[in-house]
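Every read-out reported here was derived from the displayed coordinates using simple, explicitly stated rules and does not represent laboratory data. None of these values were measured; they are calculated from a predicted model. Reconstructed Cβ throughout: ideal geometry from the backbone, glycine too, with neighbour counts over all protein chains shown.
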Amino acid sequence: MEDKQDTQKVFDSIASHFDKTRKYPWKEVEEFIKDLEGRILDLGCGNGRHCSVAVDLGLDIIGLDASFELLKIAKQRCPKGGYIKGDARDLPFKVSSFNGILYIAAIHHLKEGRVKSLKECKRILKPGGKIMVSSWSRESDRWDLPEEQRDVMVPWNRDDGEVFDRYYHLYTLEELKEDVVRSGLTIADHFISGQNNYISAVNEG
Ligand SMILES: C[S@@+](CC[C@H](N)C(=O)[O-])C[C@H]1O[C@@H](n2cnc3c(N)ncnc32)[C@H](O)[C@@H]1O
C-alpha cells in the first residue's frame, strides 16, 4: 500500500529525532495499562516509551510498527519486549492472542483502512480483552481549518533542518467512537485530554 510505504519512509527518516521528543509515557496511557494483565500488543509502538511501562508492571509486551528504525530504538529502550515490523491493518497474529492492546497516536496516520485496523484489533483480542485507542483531536484549538477538513499533512522539522510531511486524519471524538463501534468493539470510556482523543473499549466476543 502506497501510504504504508510513505509513512514508513517518513518515520524511518525522522526516527532518531522523534525519539528525542518522545521520552515520557502519557499519563492517560499509564492509567489504562495499570488495569491490564498478560500479553499486550503496543500497536504502532514507535520508540517503545509505553512498552517500558508495561514491562515494569510485569506484562508481556509485543511492539509492532511500520518503521524498522523506530523498532530498533524500541528494542534498545525496552529489551524485554518482542518487536515485529508490520502493518496495523493486517496483523500477523492469531485470533484471541492478546489480553490488551495499546493503539496510541497511530491510527490517525492511516489514509485508508482505519476501521479495518480496528477490526484486526478485535480479532486478535481475547474475549474480555481491552484496548485503548488515541488520536490527535480535530476539536483541538491548534487547528484553524475549514469546517469539513479532516485530512492534513503536518510537517516534521528534523533537527538537521530537513522537513518531512506526515499524513494525519483528524478525528473528532465522535467520529473515532463511530469507527470503534463499527469494528465490533464495545466502548467503555471516551474523553479528550490535551490535544488527543482517547477511547477504551472491550472485546465482548
Ligand atoms: C506518532 S507515533 C506514536 C508512537 C507510539 N505509539 C507513542 O505513543 O509514542 C506513530 C507510529 O505509528 C506508526 N505507524 C504509522 N502507520 C502505521 C501502520 N500502517 N502500521 C503500523 N505502524 C504504523 C509509525 O511508524 C509511528 O511509530
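Residue separation times 0.36 nm, minus the C-alpha to C-alpha distance between Glu162 and Lys94: what's the value?
Length difference between fully extended and current span is 20.5 nm.
Subtracting the Cα-Cα distance from 0.36 nm times the residue separation, let me have the gained length for Asp60 to Asp141 in nm, one decimal.
My answer for the length gained is 25.4 nm.
Can you tell me what the convex hull of the Cα atoms of the stretch 58-103 projects to on average, as an area in nm²?
Details: hull surface 14.0 nm².
Projected over every direction and averaged, the Cα hull of the stretch 58-103 covers 3.5 nm².
With both partners inside the stretch 2-202, how many of the DSSP beta bridges are antiparallel, as a percent to the nearest 5?
Numbers: 22 of 40 bridges.
Counting DSSP beta bridges with both partners in the stretch 2-202, the antiparallel share is about 55 percent.
When you have a sec, figure out the Kirkwood radius of the stretch 44-175 from all distinct Cα pair distances and drop it here in Å to one decimal?
16.1
Please arrange Met132, Met153 by counting, for each residue, the other beta carbons lying within 10 Å of its beta carbon, fewest first.
Neighbour counts put them in this order, fewest first: Met153, Met132.
May I ask which of Lys94/Lys177; Lys94/Lys122; Lys94/Lys130; Lys9/Lys85; Lys20/Lys72; Lys34/Lys130 have a Cα-Cα span longer than 19 Å here?
Lys94/Lys177, as the Cα separations exceed 19 Å there.
Starting from the Cα of His190, step 7 Å along the direction of its Cβ; do the same at Lys9; then give the gap between the two resulting points in nm.
Going from the His190 label point to the Lys9 one covers 3.5 nm.
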